[in-house]
Amino acid sequence: MSVKTEFTGRVALVTGASRGIGAATVNVLRAKGAIVVAADIAFSSAVLQEAAANYYQIQLDVTKQQDVLRVVNEIERTLGAIDYLASVAGVLHMGELTEVTDVEWQHTFAVNCHGPFYLCQAVAHHMKGRCAGAMVAVSSNAASTPRMGMGAYCASKAALCAMVKTLALELAASNIRCNLVAPGSTDTPMQQQVWRDAQGATRTISGDLEQFKVGIPLGRIASPEDIANSIIFLLSEQARHITMTSLLVDGGATLGH
């Protein structure tokens, strides 16, 4: 017999849901009884498909505003009110700022900043009418700490952080909370592309003086579930008095900054 939770029967939309933090967030929400819509550009169907009980998949390119509006409206029409939004989709193009291409720069901002803006705006229009809802966007500890070779990513996540906090201020009177989770190094495909070899994780934990990076005081790489659990906390009623906040989840890698 399943145990009812505050998420039971309520609708949650998760982007970037095919792998990594997004997939882990989907799994936690499903375990808590939510009706989950997993959206990702990697999924095959542009139409809402029920893959299992109370679990739906849909293809979504978050950089296309009209597609975002279509998906949000379809969910509201078909499944009911979106109670929770977890904006997880992200992209990382490595390269020094003097060398990064315009295509890489534009794509980084399109996925990491414009996409969450389209999502939050579309979902907020529905939530405002109900005076209820919670949103969490995945940022990064790189939003506030410079990282060599990650300038476009750092800038896009800093912009995302400013956008979500301002949105939270604007929506507070409507009883809608907006927060961010700022992960550090997490065992995902995105993180693995940064590691040059099998010792990448070890070097990340130990730190790299040549790149002005301290290590991870807790001595471990985060799992996707570590970040997903932080997202769920901020969506939940346990965080009912938390808004405009970026929760740092990096094992101390940026010394609390």
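The values are calculated or read from the model by the stated rules, or taken from the named source; none is laboratory data. As the structure is a prediction and not an experimental result, all values here were calculated from the model. Glycine also receives a Cβ, built like all others from the backbone with ideal geometry; neighbour counts cover every protein chain displayed.
For this structure, a couple of remarks:
- Residue selected from the stretch 196-231 under the condition of a type in the set (V, I, T) and under 30 Å from V14 (Cβ atoms), by the criterion modelled with the lowest pLDDT: T204
- Pair list, Cβ < 8 Å and 6+ apart or interchain, from the stretch 91-105 residues that are touching a residue at least 60 places away in the same chain (Cβ under 8 Å) to residues that are in a loop (DSSP other than H, G, I, E, B) and surrounded by 13 or more Cβ atoms within 10 Å (Cβ to Cβ): L92/V194; H93/V100; M94/G149; M94/V194
- Some residue of the stretch 38-48 being buried (at least 22 other Cβ atoms within 10 Å of the Cβ), farther than 20 Å from R70 by Cβ and out of contact with any Ser or Thr (no Cβ under 7 Å at 6 or more places or on another chain): no
- Flag if L169 is modelled with pLDDT of 95 or more and more than 24 Å from R19 (Cβ to Cβ): yes
- Long-range neighbours under 6 Å by Cβ, at least six apart or interchain, first residue assigned to a loop (DSSP other than H, G, I, E, B) within the stretch 226-248, second surrounded by 19 or more Cβ atoms within 10 Å (Cβ to Cβ) and small (G, A, S): T243/A168; M244/A168
- For T15: the one exception among (1) surrounded by fewer than 16 Cβ atoms within 10 Å (Cβ to Cβ); (2) within 16 Å of E74 (Cβ to Cβ); (3) of a type in the set (S, T, N, Q): (1)
- The residues of the stretch 77-94 that are over 19 Å from the mean Cα position of the chain (by Cα) and surrounded by 17 or more Cβ atoms within 10 Å (Cβ to Cβ) amount to a single one, L79.
- The residues of the stretch 124-171 that are crowded, with 17+ Cβ neighbours inside 10 Å and among the β-branched types (V, I, T), listed by number, are V136, V138, T145, V164.
- Taking the conditions (1) touching a Gly at 6+ places or on another chain (Cβ under 8 Å); (2) within 19 Å of P183 (Cα to Cα); (3) aliphatic (A, V, I, L, M) in turn, V100 satisfies each one other than (2).
- Scanning the stretch 3-22 finds one or more residues that are at pLDDT below 95 and more than 22 Å from A182 (Cβ to Cβ).
- Yes/no for A182 being surrounded by fewer than 20 Cβ atoms within 10 Å (Cβ to Cβ) and either small (G, A, S) or in contact with a Ser or Thr (Cβ under 7 Å, 6 or more places away or on another chain) (or both): no
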